[in-house]
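Undergrad: Take this structure, written in structure tokens, and hold onto it; I'll ask about it next.
The values are calculated or read from the model by the stated rules, or taken from the named source; none is laboratory data. These numbers come from a predicted model, not from an experiment. Here the Cβ is made from the backbone with ideal geometry for all residues, glycine too, and neighbour counts use every protein chain on show.
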Amino acid sequence: MVQSLANFALDVEPSLTESLALKMRNRSAGPYKPRHEDEVQTLLHSFVHKQEGYAAHRVENVARLSGGASKEQFRFDVIAPDGSSERMVLRMDPLASTVATGRLREFQAMRAFGQVVPVPRVTWLDEDGAHFGTPAMVAAFVRGVTKPAGAPGGNVAGLGTNVGPEWREELGEQFLKHLVAIHDFDWRKADLSAYAVPDADPYHVARRQIDWWTQVWLEDAVDPEPLIPAVEGWLRDNMPACPEIVFCHSDYRTGNFLIDEEQRQISAVLDWELAHLGDFHEDVAWVTGKIFGHLDESGEFLVTGLMPRQQLLDRYMQMSGRTIDPKTLHFYEVLCGYKTCVIILGSAYRAAVEAQNHQNVLQTWMVPCGHVFASEICRLIDKGPSA
Amino acid sequence: MTPSISARIDSMVQAMGDIVLPSIDENNNLAREQAQLVIAHLNLMKQQFAYADAFDRIELANAVQLGQQLLELTTADPGVADDRPALEAAISAGQSLPDRQDALRAVNGATEAFIRALRQRGERRSIDAMTRAVLALAQEQSHRNLVWFASNGFDADRDSLPSIESLFA
């Protein structure tokens, strides 16, 4: 662990603090052996039987899903006595992950947004891992792909996904429409009890994000990195006020939504585990991250592989009625870089060297992408906010 | 006569690509992806291994340079006077450690601790100078790492990066 000289308490949401504490307890458990499908089938069978109205159902066709650098995922069919079936997905924590988050938070977010944007319907939760031995949740399986058939390419975990020119415009508009809907959602009326509401201090929103990721770095860093505390300091010196608290998805990008190729629509927004109450600028800044985009056929950079940066900012403002403040956006671009450096250079690397993840070879492959963010942080701070 | 590292990596890549990967069930996407990642890792290691020692040497020199710069920039700052000896000692000891990775960890660890101390107890002028120094060296370090790992394909500008060999020219 990196030695901290911090003499102030870091303010991390209570439910996230619990997840971080579980991660630290797991650290002494030794290497993680990924679950075999037969073992998962047995666990699912008994789990499904406990659910109301499912005592006579059976579980079949358990198959591990690829992707998911953070959580282990299995699809399976639940067969009713009359022979009808439902396809579902089990999402469960490995011992250590790229991000230590709570399944209750994710479950609540997906349930709350089920009527707002396309989201897999969540069904069951094993919040503390009493049944599966590790926290888990179940949701309906949604048909779709993260990249259309024949699309040019992309990297692991959906990074840099290139959907191809024939999809960009349609997906880009839907992508922004759903982002605006997430931010417009009245979270005060939803059951989001696992989320702590920021206090009246307008700087609390930004400070809590810095504190969260600083705590993670102090716990997870394998190799010290002087850039991290220097950027943490810059962030604390440049915190913007947040006049409007919205619900932020926090990992909204190409690769984290499914596309129904027949309907030519986004069929599901996925990966809600980093969601929190925050500033809409954070989600906008996240989308613009260099690692999520690519150059198009003419050499122009497309943010999240869908449209040029300025187009995304303009369309977001038109569709949402919100004004993007360049200085606040700049802060959140640096924060997103900081957060990702912590996740990749800290947590992902830690999970791999401790052999506590189900995809250690993927984690070590991904660690160098932290340098893309480190480079971006340096460029962003040097350049300052865009006009 | 011993087989070279390059030849051993080539044989592993061939075995993975010609024998192991085709024998994996085509519906087992995770296993296929893992096998492909093993091949990609091996190919990257083949590119890097001849330069690995030189790379570590540059990284350590960079870390020592930053630590020394921070000491110089804060000479007159009483807030971190008590923190200076630990960084000085780490730089001195780190340079004599036989394993460069251990040395890098020791120097960067002390530097990170010094930065945190400076943030808490240092003067504004020192903090600003520290931030500039860290960012300047981090930019160099990031560029070096982007080149070193260009074949991972994460950098959208990877086609404009120079070759690994150029880092050591």
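Undergrad: Name, by its number, the condition in (1) without any contact (Cβ under 8 Å) to a residue 40 or more places away in the chain; (2) in a helix (DSSP H, G or I); (3) of a type outside the set (D, E, K, R) that does not hold for residue B:2.
TA: All conditions pass for residue B:2, except number (2).
Undergrad: Taking the stretch A:174-223 as the region of interest, how many residues are touching a residue at least 12 places away in the same chain (Cβ under 8 Å), of a type in the set (D, E, K, R) and out of contact with any Gly (no Cβ under 6 Å at 6 or more places or on another chain)?
TA: Of the residues in the stretch A:174-223, 8 are touching a residue at least 12 places away in the same chain (Cβ under 8 Å), of a type in the set (D, E, K, R) and out of contact with any Gly (no Cβ under 6 Å at 6 or more places or on another chain).
Undergrad: When the residues of the stretch A:5-37 are filtered to those that are under 14 Å from residue A:357 (Cα atoms) and among the hydroxyl-bearing types (Ser, Thr, Tyr), which remaining residue is nearest to the other protein chains (Cβ to nearest Cβ)?
TA: Across the stretch A:5-37, the extreme among qualifying residues is A:32.
Undergrad: Do we find that residue B:115 is over 12 Å from residue A:226 (Cα atoms) and either among the β-branched types (Val, Ile, Thr) or surrounded by fewer than 19 Cβ atoms within 10 Å (Cβ to Cβ) (or both) in this structure? Steps first, please.
TA: Numbers: over 12 Å from residue A:226 (Cα atoms): no; either among the β-branched types (Val, Ile, Thr) or surrounded by fewer than 19 Cβ atoms within 10 Å (Cβ to Cβ) (or both): yes.
No; evaluated as a whole, the condition is false for this residue.
Undergrad: In addition: Could you list, in sequence order, the residues of the stretch B:138-159 that are farther than 22 Å from residue A:365 by Cβ and surrounded by fewer than 18 Cβ atoms within 10 Å (Cβ to Cβ)?
TA: Narrowing the stretch B:138-159 to residues farther than 22 Å from residue A:365 by Cβ: B:138-140.
If the condition is that a residue be farther than 22 Å from residue A:365 by Cβ and surrounded by fewer than 18 Cβ atoms within 10 Å (Cβ to Cβ), then B:140 is the only one that fits.
Undergrad: Sticking with this structure for a sec: What number of residues within the stretch A:60-95 are farther than 13 Å from residue A:44 by Cβ, of a type in the set (Asp, Glu) and at pLDDT 95 or above?
TA: Qualifying residue count for the region: 1.
Undergrad: Next question. Starting from residues that are surrounded by 24 or more Cβ atoms within 10 Å (Cβ to Cβ) and at the interface with chain B (Cβ under 8 Å from one of its Cβ atoms), keep the ones in the stretch A:367-376 and report whichever is nearest to the chain's Cα centre (by Cα).
TA: Filtering the stretch A:367-376 for residues that are surrounded by 24 or more Cβ atoms within 10 Å (Cβ to Cβ) and at the interface with chain B (Cβ under 8 Å from one of its Cβ atoms), the one nearest to the chain's Cα centre (by Cα) comes out as A:369.
Undergrad: Which one is farthest from the other protein chains (Cβ to nearest Cβ) among residues in the stretch A:38-62 that are crowded, with 16+ Cβ neighbours inside 10 Å and not β-branched (Val, Ile, Thr)?
TA: The selected residue is A:54.
Undergrad: Quick one: residue A:120 ticks every box in (1) crowded, with 19+ Cβ neighbours inside 10 Å; (2) closer than 29 Å to residue A:364 by Cβ; (3) not hydrophobic (A, V, I, L, M, F, W, C) except a single one, so which number is it?
TA: (2)
Undergrad: Just to confirm my filter: which helices (runs of 4 or more DSSP H) fall fully inside the stretch B:78-169 and include at least 2 residues that are more than 9 Å from chain A (Cβ to nearest Cβ), closer than 30 Å to residue A:384 by Cβ and in contact with a helix residue (DSSP H, G or I) (Cβ under 7 Å, 6 or more places away or on another chain)?
TA: On the way: elements: B:84-96, B:100-121, B:124-148.
Here the list reads B:124-148.
Undergrad: Sticking with this one: Would a scan of the stretch A:147-168 turn up a residue that is at pLDDT 95 or above and in contact with a Lys or Arg (Cβ under 6 Å, 6 or more places away or on another chain)?
TA: Filtering the stretch A:147-168 down to residues at pLDDT 95 or above leaves none.
So far as the stretch A:147-168 goes, no, none of its residues is at pLDDT 95 or above and in contact with a Lys or Arg (Cβ under 6 Å, 6 or more places away or on another chain).
Undergrad: I've got another one for you. Could you tell me how many of the residues in the stretch A:8-23 are loosely packed, with under 13 Cβ neighbours inside 10 Å and modelled with pLDDT of 95 or more? Reasoning before the result, please.
TA: Taking the stretch A:8-23 first, the residues loosely packed, with under 13 Cβ neighbours inside 10 Å are A:8-9, A:14, A:21.
Okay, now just the ones that are also modelled with pLDDT of 95 or more, so A:14, A:21.
Looking only at that region, the number is 2.
Undergrad: Please go through the stretch A:270-300 and pick out each residue that is more than 14 Å from the chain's Cα centre (by Cα) and of a type in the set (Phe, Trp, Tyr).
TA: A:280
Undergrad: Quick one: in the stretch A:236-245, which of the residues that are surrounded by fewer than 21 Cβ atoms within 10 Å (Cβ to Cβ) and not basic (Lys, Arg) is farthest from the chain's Cα centre (by Cα)? Full working, then the answer.
TA: Going through the stretch A:236-245, the residues surrounded by fewer than 21 Cβ atoms within 10 Å (Cβ to Cβ) turn out to be A:236-241, A:243-245.
Next cut, not basic (Lys, Arg) only: A:237-241, A:243-245.
Working: A:237: 26, A:238: 25, A:239: 23, A:240: 23, A:241: 24, A:243: 24, A:244: 22, A:245: 19 Å.
By that ranking, first place goes to A:237.
Undergrad: Here's another thing I want to ask about it. Restricting to the stretch A:207-233, name every residue that is crowded, with 20+ Cβ neighbours inside 10 Å, hydrophobic (A, V, I, L, M, F, W, C) and not in a loop (DSSP other than H, G, I, E, B).
TA: Selection gives A:210, A:212, A:213, A:216, A:217, A:227, A:228, A:230, A:231.
Undergrad: Considering only the stretch B:17-48, state which residues are more than 8 Å from chain A (Cβ to nearest Cβ) and either under 14 Å from residue B:152 (Cα atoms) or not in a helix (DSSP H, G or I) (or both).
TA: Selection gives B:24, B:25, B:26, B:36, B:39, B:42, B:43, B:44, B:45, B:46, B:47, B:48.
Undergrad: Report, by residue number, each residue of the stretch A:135-145 that is surrounded by fewer than 19 Cβ atoms within 10 Å (Cβ to Cβ), in contact with a Lys or Arg (Cβ under 6 Å, 6 or more places away or on another chain) and assigned to a loop (DSSP other than H, G, I, E, B).
TA: A:141
Undergrad: Go through the stretch A:273-357 and tell me which helices (runs of 4 or more DSSP H), entirely inside it, have 3 or more residues that are buried (at least 19 other Cβ atoms within 10 Å of the Cβ) and either in contact with a Pro (Cβ under 7 Å, 6 or more places away or on another chain) or within 12 Å of another protein chain (Cβ to nearest Cβ) (or both). Talk me through it step by step, then tell me what you get.
TA: Values: elements: A:280-287, A:309-320, A:326-341, A:349-353.
The helices (runs of 4 or more DSSP H) meeting that bar are A:326-341.
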